[in-house]
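What follows is a single structure, written as structure tokens, with notes after it.
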Amino acid sequence: MKKIILICLCLLLLTTGCNKKEIKTEINEDKHIAINYPVTGVNVLDDAISTYINKTCNNFKKEYKNYNKPELNISYTYKELNNNIINVSLNTEINADKKINKIKTFTYDKKTKKFLSMEDIVQDLYILDYNLKKELLEKYKEADMDFLSNISYDYFTIDDKNLTIYLGPTILKDTNEQIIFLDIPLDSLKLLIDIDKTNNQDNYINIKKKNINYDDKIVALTFDDGPSKYTNKILDILKNNDACATFFVIGNKVNFYNETLNRMIKEGSEIGNHSYNHKWLNRLSETEFKEEINKTQEIVKNITGFTPKLFRPTYGGYSDKLKSYTDLTFVLWDVDSSDWKVKTENKILKNIIPNTKDGSIILMHDNHEYSLKALEAVIKELKEKDYKFVTVSELLEIKKIRENE
Ligand code: ZN
């Protein structure tokens with residue numbers, strides 16, 4: 001009877017060749033089997049995954065049939081890179097008289113329609129060897145160097161920062177860790193594939209790359225109501241001054257400024273949502289409000305690959321009810337440049353500089369010339385006061401870290 005249940009489970013896994021992306025969970029309470037794995041919608045990859053799971057399942061059945069309550073658990077990680085490279089890793093854990101871990105990884109390129117091996121990704125394997133050994137010895141002093149002389153790169157995943165190499169237990173003596181993984185920074189390797197960093201959702205927090213310490217004086221410049229013909233010039237000034245900003249864009253304008261939007265993300269700035277048509281939100285129904293937000297989310301994501309995390313309410317007006325309609329973080333400001341009203345560089349500076357403190361969010365607008373004209377001076381004066389420029393997400397992250405210290 002038990003045998004039949006297990007065979008059924010395995011057959012079920014084999015026949016799940018549908019095209020919908022989903023996470024499958026198969027649990028057999030009696031046999032202590034739990035398997036989670038992704039169905040990616042790419043048939044050849046999904047076939048490879050279910051073949052592997054079936055094999056693992058059958059082997060478990062055979063090898064552990066005489067054990068007392070053996071347990072099989074398969075978990076997964078799923079990572080997409082550049083919208084075309086899919087990484088799936090399957091971690092098998094068997095708990096019988098002792099614990100056994102096994103890893104299996106799949107790296108599939110949707111563009112070339114083939115599975116990628118390390119030779120497809122890294123140009124000079126000896127550089128990878130060198131970095132891997134360095135990393136390994138740093139992390140595990142007891143690593144077995146003999147084993148390292150003929151290392152194979154069968155198990156790995158790749159994201160836009162690291163190549164993660166998985167190594168089996170034989171490499172270490174006297175350790176309970178059975179699978180170890182090592183992150184090799186892509187910057188240290190010569191790659192054969194292009195990594196497009198604009199598609200990374202984590203890209204909006206770059207505190208490390210920007211060399212910012214948590215106790216530095218920080219400030220976030222924000223620009224509302226764009227993009228416009230002035231936004232590119234604002235980006236030029238930010239770039240020349242090693243600064244960044246957060247642009248709360250109006251969705252209906254975005255299509256005219258694809259390049260500008262992509263620049264924001266590439267150059268370390270952030271894009272926030274400022275609704276689609278700049279309507280007064282308090283007058284909107286839930287459906288209308290969600291439409292204002294979602295249309296902008298979608299259009300920004302389609303152009304840049306980046307999904308905004310922040311929302312700036314139009315006219316700074318909102319209610320708790322509106323807040324409950326979305327997962328986006330509502331962001332206001334504590335320093336108002338009133339650039340659209342005062343119009344001159346001097347008055348804009350006067351509104352900003354004396355009112356800015358560590359952690360301030362400064363409100364400006366990029367849909368007219370005034371802020372553009374004042375920006376160079378604003379940055380210069382803030383730099384003289386030792387401020388570092390961060391995006392709003394970075395600012396919130398740093399504040400959170402400070403609070404927890
Ligand atoms: Zn506005």
>> Restricting to the stretch 313-327, name every residue that is more than 24 Å from Ser338 (Cβ to Cβ) and either of a type in the set (Gly, Ala, Ser) or modelled with pLDDT under 90 (or both).
In response: Ser319, Ser324
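What tally of residues in the stretch 119-153 results from selecting those that are acidic (Asp, Glu), outside any helix (DSSP H, G or I) and modelled with pLDDT of 90 or more?
0
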> What number goes with the only condition from (1) closer than 24 Å to Leu395 by Cβ; (2) away from the ligand (no atom under 12 Å from the Cβ) that Ile299 does not pass?
Replying inline: (1)
> Looking at (1) in a helix (DSSP H, G or I); (2) in contact with a Lys or Arg (Cβ under 6 Å, 6 or more places away or on another chain), which is the only condition Thr307 fails?
Replying inline: (1)
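Is it the case, given these coordinates, that Lys350 is within 22 Å of Met264 (Cβ to Cβ) and of a type outside the set (Ser, Thr, Tyr)?
no
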>> So, in the stretch 273-296, exactly how many residues are surrounded by 14 or more Cβ atoms within 10 Å (Cβ to Cβ), away from the ligand (no atom under 16 Å from the Cβ) and polar (S, T, N, Q)?
In response: 1
>> Among the residues of the stretch 299-318, are any more than 29 Å from the chain's Cα centre (by Cα) and over 26 Å from Asn277 (Cβ atoms)?
In response: no
> Is it fair to say Ile353 is under 24 Å from Thr260 (Cβ atoms) and either in contact with a Leu (Cβ under 9 Å, 6 or more places away or on another chain) or not charged (D, E, K, R) (or both)?
Replying inline: no
> Name the residues in the stretch 369-395 that are surrounded by fewer than 16 Cβ atoms within 10 Å (Cβ to Cβ) and not aliphatic (A, V, I, L, M), would you?
Replying inline: Glu369, Glu376, Lys380, Glu381, Lys383, Glu384, Lys385, Asp386
>> Just checking: which of the helices (runs of 4 or more DSSP H) contained wholly in the stretch 337-386 hold 3 or more residues that are within 16 Å of the ligand (Cβ to nearest atom) and on the phi < 0 side of the Ramachandran plot?
In response: 339-342
>> Being without any contact (Cβ under 8 Å) to a residue 24 or more places away in the chain, under 29 Å from Lys61 (Cα atoms) and outside any strand (DSSP E or B) is the filter here; which residues of the stretch 78-118 pass it?
In response: Lys98
> What are the residue pairs meeting all of these: first residue in the stretch 238-256, first residue on the phi < 0 side of the Ramachandran plot, second residue assigned to a helix (DSSP H, G or I) and within 14 Å of the ligand (Cβ to nearest atom), Cβ atoms under 6 Å, and 6 or more apart or on different chains?
Replying inline: Gly251/Thr296
>> Exactly one condition in (1) buried (at least 16 other Cβ atoms within 10 Å of the Cβ); (2) touching a Cys at 6+ places or on another chain (Cβ under 7 Å) is false for Asn58; which is it?
In response: (1)
> Which ones in the stretch 214-256 are among the aromatic types (Phe, Trp, Tyr) and more than 16 Å from the ligand (Cβ to nearest atom)?
Replying inline: Tyr214, Phe256
> Only one of (1) in contact (Cβ under 8 Å) with a residue 40 or more places away in the chain; (2) away from the ligand (no atom under 13 Å from the Cβ) is not met by Glu259, so which one is it?
Replying inline: (1)
>> Restricting to the stretch 310-334, give me the number of residues that are over 18 Å from Lys253 (Cα atoms) and part of a loop (DSSP other than H, G, I, E, B).
In response: 11
>> Given the options Asn82, Asn58, Asn66, name the one that is more than 21 Å from Asp154 (Cα to Cα) and within 20 Å of the chain's Cα centre (by Cα).
In response: Asn82
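The values are calculated or read from the model by the stated rules, or taken from the named source; none is laboratory data. Everything numeric in this text was worked out from a predicted model, so none of it was measured. Cβ atoms come from the backbone with ideal geometry, glycine included; neighbour counts cover every protein chain shown.
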